[in-house]
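Student: There's a structure below that I have some questions on.
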Amino acid sequence: MSKFLSKQDLEEYRKKIINSRDPNKIIIALCGDTGCQAYGANKIADAFRKEIKAKNLQDRVELKITGCHGFCERGPLIVIYPKKIFYQKVSEKDVSEIISESVVNDNVIERLLYVHPETKEPIVKEDEVPFYNRQQKIISGMNSVIDPTNIDDYIAIGGYSALEKALFDMDPDSIIEEVKKANLRGRGGGGFPTGVKWESCKNAPGDIHYVICNADEGDPGAYMDRSLLEGNPHSVLEGMMIGAYAIGSSEGYVYVRNEYPLAVENVNIAIKQAREYGLLGENILGTDFSFDIKVTRGGGAFVCGESTALMASIEGLWGEPRAKHIHTVVSGLYNKPTNLNNVETWANVPLIINKGADWYSKIGTENSKGTKIFSLVGKVNNTGLVEVPMGITLREIIFDIGGGVPNGKKFKAVQTGGPSGGCIPEEYLDTPVDFDRLTELGSMMGSGGMIVMDESTCMVDVARYFLNFLKDESCGKCTTCREGIKRMYEILTDITEGRGKEGDIELLEELGWVVANASLCGLGQTAPNPVLSTIRYFRDEYEAHIKEKRCPAKVCKALIRYEIDQEKCTGCGRCRINCPVEAISGEKKKPHIIDQEKCIKCGICHEVCKFDAVNII
Amino acid sequence: MDFSNIDRILDKYDRSPSGIIRILQDVQAELNYLPRDVLKYIASSLSVPLSHVYRIATFYNAFSLVPKGKHMISVCLGTACHVRGAPKVLEKIERELGISPGETTEDLEFSLETVNCLGACALGPIVVVDGEYNGEMNVSKVDELLKKIKQGGEINE
């Protein structure tokens, strides 16, 4: 492959790819994202390859391993183009039938279709599934169409045309103006206006400027950045190239979590291909613009998602944040002006340049434009990635797209913003989702994790969970964060273990205020949010733990006990056999009992009982 | 001790002190942990104090100063896995192996660790064994899983 030396080279190559592709060729798009791989997608891919070869169908059908389609709950997923037939929960066993029925013949296999939960009608096409048809997938939509390891796929769908436009039809100032006009705000959680950041960095004195893509997605329960880097890495790289051109940078970094091996692999492949095509390197497309990108893998420290800690980590230092009296756009990586944006923010850039700020700013609310990708997880029927316009309500996301709470349980709260965010109760479900409204509710947008909790989730336990996470991840630089979080965690542990006392709630609030106000970086400043927001909305649960020594959700071990319902127990012995401490006794076919002295409350008996006879009291 | 493989890694990153995290990551991947002698060798090769190398090696969770077991069991404790019962799964594995997260069994067969979200939340709770994902775990599936690993190990030998 020779490098593109001009705009025409790229355009001609694009035409060549499109012309060489048969629009009627059947494409089986198999989701090869980490989630679907965990379901066994790789074995399915191998089975398809074998079957296609065995039946000699290479000319008629192509297997494409794509990024995340979104509907993770129903994985492994395939979509058969051009008809967009959507098969879910596919297994190796189905492969031969799919090839014979839906490729060789023109039939649909009803067993593999998604069934509408209300009408009970099977749905054939992907875009008619309720999970998908309420979304607006302008950023993540291409994930299910392209092979992320093949740059030609990206070029064929118009990839790198925004770079062309930026280099040949715009100048750095007009690019920044366009991004400002689109009012793109940082998707990493802060919500800072991207165009303003770019402008400050561009204007900062110095001959070297850096751009960084923050892919250190550490919020537990959030994986949209992972899926974008895995599924459409070139869109992120293109965004970085445009940003680098606007800012005047020739060197970029992608800082990616090492826990995401597939994302690391795919972004490295994408960079290599872009270099081979001359889209990265010296004199890109024959212009004066030169730019290259390096990948740095994280070391497993949550705090490195903070910009100054991340930059320290790239420099080979321990990831401790520093005070930002001088912003990183003025003095960041190696003390040079540095512009850092999150994966999803970068992926928005090509779209804004191609379609224009006027088009872009029609989507969303007054102060939050565009779409946001959320990972909808926890106690929800349709777990997966959803991309929705800003301003959609929480209720629409959780109930219309997410299909509500499973097993007939009652919704209790939704946690947004990761460990920095908070829990939002049912009464605020009709709140439109945007940066400012979520902050008003004591939570935040964060990077986009949305964890649904039902009545069997204990809110004190959840608060304790997040503080446990944060106390381990605090870098230790600020005393308030290092010691304050630990003290709050100890108080919460006391409460969940039945040692809570009057005044604990007030002490938590006071400590929370100090930690938030006297810590240097975002980790400490937002660390009390999970506690403060649960106290704000679920104070009664805290009080039940403290005053009545009762866990209303029946989660906190010290406050519950397991008992066997003598009416329901059939004496099958399953619980007795599975009990790890021999705390259960009883004769065969007669009701069993649990010895409370021996019981360690592991919950196995409750889980294995087929007659629902083990109660939690 | 032969440091030729360490030299290879050092050369890959131009023996630059700013490449130290990447160097340690590669060493960790190759040796499974960061032995004391190797850290000393890296410090002198990069002309940085040993304390600097230790500070990096102990700051980041990815590094271990003690040998890891043959099989690595990672229990995801991300929020989605947590609300779906991951702590119970972890407790069960701890009980069965007799070790806590961060520890390795005496026979160096198993190491146990917890991770904060692997981004495969739809399948939670998740337990990853030697890179292979096991989704929708519960306490009763743990026995089966451990049995599978032990048998797999025997077959490989």
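Student: What FRET efficiency do you get for residue A:539 and residue A:173 if R0 is 51 Å and r is their Cβ-Cβ distance, rounded to the nearest 0.05?
Tutor: Calculated value: 0.45.
Student: Could you tell me which of the pairs A:43/B:70; A:294/B:148; B:70/B:141 are separated by over 29 angstrom between their Cα atoms in the structure shown?
Tutor: A:294/B:148
Student: With all protein chains present, calculate the accessible area of residue A:604 using a 1.4 Å probe and round the result to the nearest 10 Å².
Tutor: Looks like 10 Å² after rounding.
Student: Where Lys and Arg each count +1 and Asp and Glu each count -1, what net charge lies around residue B:83 among other residues with Cβ under 11 Å from its Cβ?
Tutor: The answer is +1.
Student: Among A:348, A:474, A:546, whose Cα sits farthest toward the positive end of the charge dipole of the protein assembly as shown (+1 at Cβ of Lys/Arg, -1 at Cβ of Asp/Glu, about the Cα centre)?
Tutor: About the Cα centre, the residue reaching furthest to the positive side is A:546.
Student: According to the square roots a ≥ b ≥ c of the eigenvalues of the Cα gyration tensor, what is the shape class of region A:22-129, taking rounded for a/c under 1.5, prolate for a/b larger than b/c otherwise, and oblate for the remainder?
Tutor: oblate
Student: Here is a further query. Any chance you could run the full-extension gain for residue B:55 through residue B:14? It's 0.36 nm times the residue separation minus the Cα-Cα distance, nm to one decimal.
Tutor: 12.6 nm
Student: A further question follows. How big is the dipole moment of region B:71-151 about its Cα centre under a simple scheme where the beta carbon of each Lys and Arg is +1, that of each Asp and Glu is -1, and everything else is neutral? Debye, nearest 20, please.
Tutor: About 360 debye.
Student: Continuing with this model, one more query. Expressed as a whole percent, how much of the Cα-Cα distance distribution for the protein assembly as shown exceeds 42 Å?
Tutor: It works out to 31 percent of all Cα pairs.
Student: Just report the Cα centroid separation between region A:1-74 and region A:181-239, whole Å.
Tutor: 28
Student: Taking a point 7 angstrom from the Cα of residue A:192 along the C-beta vector, which residues in region A:206-241 have backbone N less than 17 Å away?
Tutor: Residues passing the 17 Å test: A:209-216.
Student: Hey, what did region A:561-616 get for relative contact order, percent, Cα under 8 Å, at least 6 apart?
Tutor: Once divided by the residue count of region A:561-616, the mean separation gives 46 percent.
Student: Rolling a 1.4 angstrom probe over the protein heavy atoms, how many square angstrom per residue are accessible across region A:366-424?
Tutor: 24
Student: If you don't mind, there's one more thing I want to ask. Measure nothing but the geometry: give the 0 to 90° angle between the long axis through the Cα atoms of A:41-54 and the longest principal axis through the Cα atoms of chain A, rounded to 10°.
Tutor: 50
Student: Still on this structure, I have one more. Filter the chymotrypsin sites (Phe, Trp or Tyr not before Pro) in region A:535-566 to those in DSSP coil with at most 12 other Cβ atoms within 10 Å of their Cβ, and list the result.
Tutor: Filter output for region A:535-566: empty list.
Student: Can you classify region A:170-313 as rounded, prolate or oblate using the Cα gyration tensor, where a ≥ b ≥ c are the square roots of its eigenvalues, rounded means a/c under 1.5, and otherwise it's prolate if a/b beats b/c and oblate if not?
Tutor: Taking the square roots of the gyration eigenvalues as a ≥ b ≥ c, region A:170-313 is oblate.
Student: Additional query: List the trypsin sites (Lys or Arg not before Pro) within region A:108-148 that fall in a DSSP loop (any state other than H, G, I, E or B) and whose Cβ has at most 11 other Cβ atoms within 10 Å.
Tutor: Listed in order of number, the matching sites are A:120.
Student: Tell me, what ³J(HN,Hα) does each residue in region A:135-149 have, in order and in whole Hz, if you take phi through Karplus 6.51 cos²θ - 1.76 cosθ + 1.60 with θ = phi - 60° and put x for Gly and Pro?
Tutor: Result, ordered by residue: 8, 10, 8, 7, 9, 9, x, 6, 3, 8, 10, 10, 8, x, 8 Hz.
Student: Relative to the Cα centre, what is the charge dipole magnitude of region A:22-129, using +1 at the beta carbon of each Lys and Arg, -1 at the beta carbon of each Asp and Glu, and rounding to the nearest 20 debye?
Tutor: It comes to approximately 320 debye.
Student: Per residue of A:372-378, count partner chain C-beta atoms within 10 Å of its C-beta, then hand back the mean as an integer.
Tutor: 4
Student: Follow-up question, since we're still on this one. Got a sec? What order do A:369, A:355, A:568 fall in by accessible area at 1.4 Å, biggest, i.e. largest, first?
Tutor: A:355, A:568, A:369
Student: A further question follows. For residue B:96 paired with residue B:4, estimate the spin-label separation in nm (one decimal), with each label point 7 Å from Cα along the Cα-to-Cβ line.
Tutor: Spacing of the two 7 Å Cα→Cβ label points: 4.2 nm.
Student: Additional query: Keeping all protein chains in the complex and leaving out DNA, RNA and ligands, what accessible area do you get for residue B:150 with a 1.4 Å probe, in Å² to the nearest 10?
Tutor: My reading of the accessible area for residue B:150 is about 110 Å².
Student: Which of A:266, A:303, A:370 sits closest to the plus end of the dipole of chain A, meaning its Cα is farthest towards the positive end, when Lys and Arg get +1 and Asp and Glu get -1 on the C-beta?
Tutor: Of A:266, A:303, A:370, it is A:266.
Student: May I pose another question? Give me the one-decimal nm value for the distance between modelled label points at residue A:275 and residue A:203, 7 Å along each residue's Cα-to-Cβ direction.
Tutor: 3.6
Student: In addition: Suppose R0 equals 25 Å; then what is the FRET efficiency for residue A:566 and residue A:407 from their Cβ-Cβ distance, rounded to the nearest 0.05?
Tutor: 0.50
Student: Now for a separate question. Pop a pseudo-label 7 angstrom from the Cα along the beta-carbon direction at both residue A:136 and residue B:132 and give the gap in nm to one decimal.
Tutor: 4.5
Student: Let me ask another. May I ask for the net charge around residue A:408, where only other residues with Cβ less than 13 Å from the Cβ of residue A:408 are counted and Lys, Arg are +1 while Asp, Glu are -1?
Tutor: Result for the neighbourhood of residue A:408: +1.
Student: I want the local charge near residue A:242. Using Cβ-Cβ distances under 11 Å, sum +1 for each Lys or Arg and -1 for each Asp or Glu among the other residues.
Tutor: In short, -2.
Student: Give, in nm to one decimal, the length gained when the segment between residue A:50 and residue A:91 is fully stretched (0.36 nm per residue of separation minus the Cα-Cα distance).
Tutor: Full extension from residue A:50 to residue A:91 adds 13.3 nm.
Student: Could you tell me what percent of the accessible area of region A:235-299 is made up of carbon and sulfur, with a 1.4 Å probe and every protein chain present?
Tutor: Roughly 45 percent, rounded to a whole number.
Student: How far is helix A:459-473 tilted off the main Cα axis of chain A, in degrees rounded to 10, range 0 to 90?
Tutor: That helix lies at roughly 50 degrees to the long axis.
Student: Would you mind calculating the relative contact order of chain A from Cα pairs under 8 angstrom and at least 6 residues apart, reporting the percent as a whole number?
Tutor: 12
Student: With θ set to phi - 60° and the Karplus curve 6.51 cos²θ - 1.76 cosθ + 1.60, what are the ³J(HN,Hα) couplings of region B:97-102 in order, to the nearest whole Hz, using x for Gly and Pro?
Tutor: 8, x, 10, 9, x, x
Student: Run the helix sum for the protein assembly as shown: -39,500 (n - 2.57) per DSSP H stretch of 4+ residues, divided by residue count, reported at 222 nm to the nearest 500 deg cm²/dmol.
Tutor: Helix contribution divided over all residues of the protein assembly as shown: -11500 deg cm²/dmol.
Student: Can you give the charge dipole size of chain A about its Cα centre, rounded to the nearest 20 debye, using +1 on the beta carbon of Lys and Arg and -1 on the beta carbon of Asp and Glu?
Tutor: 1140
Student: Given a 1.4 Å probe and no ligands, DNA or RNA in the count, how much accessible surface is buried by B and A, both sides, to the nearest 100 Å²?
Tutor: Summed over both sides, the interface buries about 3900 Å².
Student: Can you give me the angle between helix B:50-59 and the longest principal axis of chain B, using Cα atoms only, in degrees from 0 to 90, rounded to the nearest 10?
Tutor: Between the helix axis and the principal axis of chain B, the angle is about 20 degrees.
Student: Just want to confirm a number: the relative contact order over region A:134-288, from Cα pairs under 8 angstrom separated by 6+ residues, in percent.
Tutor: 28
Student: Turning to a different aspect of this structure: Can you list the GluC sites (Glu not before Pro) in region A:569-617 that are in a DSSP coil and have 12 or fewer other beta carbons within 10 angstrom?
Tutor: The qualifying sites are A:582, A:587, A:597.
Student: Between region A:490-567 and region A:319-380, how far is it from one alpha carbon centroid to the other, in angstrom?
Tutor: Cα centroid of region A:490-567 versus Cα centroid of region A:319-380: 34 Å apart.
The values are calculated or read from the model by the stated rules, or taken from the named source; none is laboratory data. Everything quoted here is computed from the prediction, not taken from an experiment. Backbone-built Cβ (ideal geometry, glycine too); neighbour counts: all protein chains shown. For the accessible areas, the whole protein counts, side chains as well, though only heavy atoms, and no ligand, DNA or RNA atoms are used. Shrake-Rupley method; radii C 1.70, N 1.55, O 1.52, S 1.80 Å.
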